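The values are calculated or read from the model by the stated rules, or taken from the named source; none is laboratory data. The model shown is predicted, which means the values in this text are computed figures rather than measured ones. Reconstructed Cβ throughout: ideal geometry from the backbone, glycine too, with neighbour counts over all protein chains shown.
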Amino acid sequence: MNALLISNSGLRFFVVALLVATFALMSSVNTAEAKPVANRPNIILIMADDMGWSDIGCYGGEVKTPNLDRLASDGLRFTQFYNNAKCTTTRVSILTGLYPRNGGRGIDKLLTPEMMTVAEALKNLGYQTALSGKWHLGQKAPNRPIDRGFDVYYGLMDGCCNFFNPTQPDPPFKGGRTRVFGHNDQIIRGPFPEGYYTTDAFTDHAIETVRQFARKPQPFLLHVSYTAPHYPLQAKTEDIAKYKGKYRSGWQAIRQQRHRRLVEIGLIDPHWQMVDHDPKAYDWAESDQEWESRRMATYAAMIDSMDQNIGRILQTLERLNILDKTAIFFLSDNGGCAEEPGGRDTSQQPGLQNTYTAVGPSWAMAQNTPFRRYKSQMYEGGIATPMIAYWPSVIQAGTVTDQVGHIIDFMPTFLEMANREMEAGKPKDTVTTAEKWHLPIEGLSLLPILKGQKRPPHQTLYWHFSGSKAIRQGRWKLVWDKWSKQWELFDVIADRTEHNNQIDQFPNRAKKMQAAYQRWAVQTRVEKLTFTD
């Protein structure tokens with residue numbers, strides 16, 4: 001086995017030992033039903049955690065992301081791509097091609113037996129499958145990655161963890177719980193060696209997986225699900241140093257700078273008027289500016305580290321001569337996060353293994369420039385994600401699309417890429433008798449967009465999480481703000497920053513959209529009771 005590209009010998013031994021066991025298990029997988037591989041690409045889906053819409057360079061950000069910028073310049077950027085605004089609900093939709101069910105009442109209830117995952121579907125079509133990184137959809141059978149179609153798995157079963165020592169208990173204000181880390185069907189209880197960093201370790205596993213998969217004729221699906229830049233804010237000293245002083249101008253200045261760049265590169269309409277005030281934002285002039293600057297610098301360093309590791313994956317694909325046979329997708333699971341577990345404690349220096357900090361609402365609003373709000377909210381700042389698609393044999397380099405896409409579209413896209421025809425939300429043919437499609441896929445294939453064509457759009461899109469909700473039909477979006485407890489109506493073509501509420505001008509449209517939302521909410525069981533105006 002090739003040595004992993006890491007310097008620390010203890011870490012190398014630790015990870016390689018896990019990988020030896022992983023691929024011993026893989027060798028026993030029955031591949032008798034593998035399909036021909038002609039014209040079927042390898043698929044790599046990379047996802048950041050709690051990263052804002054405008055953080056990376058190719059989306060107007062100041063964070064150094066040369067590898068993601070390269071994928072964008074050689075591929076396609078979406079300006080209107082949506083997630084579900086929350087870690088768990090986004091992850092289940094990506095896996096199943098379905099909207100979340102059951103209102104998110106417990107992670108073990110989100111992914112149910114009647115749902116088929118994209119890993120199970122592609123595995124039935126002869127693909128090798130792997131997940132490196134965050135799972136967050138269950139820690140026990142039958143809800144682990146290894147139970148739901150992934151041949152191999154290494155990473156965080158939980159929602160967040162210490163980046164330098166994943167099983168280090170949370171501080172008391174987070175309940176003092178110990179997070180769960182897993183490898184295939186085993187729980188990893190530590191200890192983790194000196195020099196360990198989750199972003200590197202997830203990439204180590206992904207790289208070794210690619211090397212092993214490339215030895216076989218079957219294509220592969222690899223989902224790399226980073227925890228960066230989710231709190232706690234923890235990064236390597238050398239990466240933080242790159243951004244020292246970068247954010248001393250404050251969040252409003254950064255927001256204005258990003259807005260200007262976004263206009264210059266043509267990703268947003270200059271006529272959209274930004275909402276300047278956020279109900280939870282702080283006054284920069286009255287803040288501990290050095291500490292606040294350090295918070296955002298650490299966050300930037302975490303994204304920088306992720307980009308470096310994506311570069312390592314690209315380098316591996318090039319060395320194996322399979323980059324041109326691989327389709328790569330990158331997105332974030334939700335917008336930048338305003339949560340501040342532990343409060344705004346300036347005695348906690350961001351970046352260190354033994355401190356626990358987050359960026360807070362003011363920086364979160366800057367991360368989601370030019371949009372309103374952030375994670376868990378159904379304004380664009382919560383649900384809009386950068387999305388880069390790279391596929392050399394199909395996608396025209398350096399292109400941008402304003403066609404609307406949603407994470408439920410990945411499942412049908414990947415099935416079609418695997419030469420599986422779809423009909424009425426279900427596979428047109430049956431591969432194995434074990435396949436059960438109790439719930440028709442709700443997404444639409446992105447393949448026409450990837451090929452530079454116009455795709456018939458979704459007639460309606462829906463969102464819900466913890467009392468926040470929204471529905472979009474064409475240019476109109478109806479949003480329920482759980483703080484103000486009222487509906488707002490926006491024209492998100494003319495006003496995607498949701499500055500001008502038009503519900504008083506178009507009350508009938510709003511009522512029809514509210515009724516449509518309510519029917520969907522009852523059908524999917526995200527809400528049990530109807531709401532009043």
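Close Cβ contacts (under 8 Å, 6 or more residues apart or on different chains) running from residues in the range 482-509 that are over 22 Å from S466 (Cβ atoms) to residues that are outside any loop (DSSP other than H, G, I, E, B) and hydroxyl-bearing (S, T, Y) are absent. Among the residues of the range 221-239, the ones that are within 23 Å of the chain's Cα centre (by Cα) and part of a helix (DSSP H, G or I) come to 1 in all.
Of the set (1) out of contact with any Phe, Trp or Tyr (no Cβ under 8 Å at 6 or more places or on another chain); (2) assigned to a helix (DSSP H, G or I), all apply to A366 but (1). Evaluate the following for Y356: is it under 19 Å from the mean Cα position of the chain (by Cα) and more than 17 Å from L267 (Cβ to Cβ)? The answer is no for Y356.
Here's the yes/no breakdown for (1) at pLDDT below 95; (2) outside any loop (DSSP other than H, G, I, E, B); (3) among the aromatic types (F, W, Y); (4) out of contact with any strand residue (DSSP E or B) (no Cβ under 9 Å at 6 or more places or on another chain):
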{"site": "F13", "(1), (2), (3), (4)": "yes, yes, yes, yes"}
{"site": "A24", "(1), (2), (3), (4)": "yes, yes, no, yes"}
{"site": "N30", "(1), (2), (3), (4)": "yes, no, no, yes"}
{"site": "M51", "(1), (2), (3), (4)": "no, no, no, no"}
{"site": "L71", "(1), (2), (3), (4)": "no, yes, no, no"}
{"site": "R91", "(1), (2), (3), (4)": "no, yes, no, no"}
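Any residue that is modelled with pLDDT of 95 or more, of a type in the set (S, T, N, Q) and touching a helix residue (DSSP H, G or I) at 6+ places or on another chain (Cβ under 9 Å) - is there at least one of those in the range 131-146? Checked against the condition, which is being modelled with pLDDT of 95 or more, of a type in the set (S, T, N, Q) and touching a helix residue (DSSP H, G or I) at 6+ places or on another chain (Cβ under 9 Å), the range 131-146 yields at least one hit. Within the range 427-439, is even one residue surrounded by 21 or more Cβ atoms within 10 Å (Cβ to Cβ) and either at pLDDT 95 or above or of a type outside the set (D, E) (or both)? Checking the range 427-439: not a single residue is surrounded by 21 or more Cβ atoms within 10 Å (Cβ to Cβ) and either at pLDDT 95 or above or of a type outside the set (D, E) (or both). So is R319 among the basic types (K, R) and within 21 Å of the chain's Cα centre (by Cα) or not? Considered against the rule, which asks whether it is among the basic types (K, R) and within 21 Å of the chain's Cα centre (by Cα), R319 comes out as no.
Just checking, how many residues over the range 262-285 are part of a helix (DSSP H, G or I) and of a type in the set (G, A, S)?
The number of residues fulfilling the criteria is 1.
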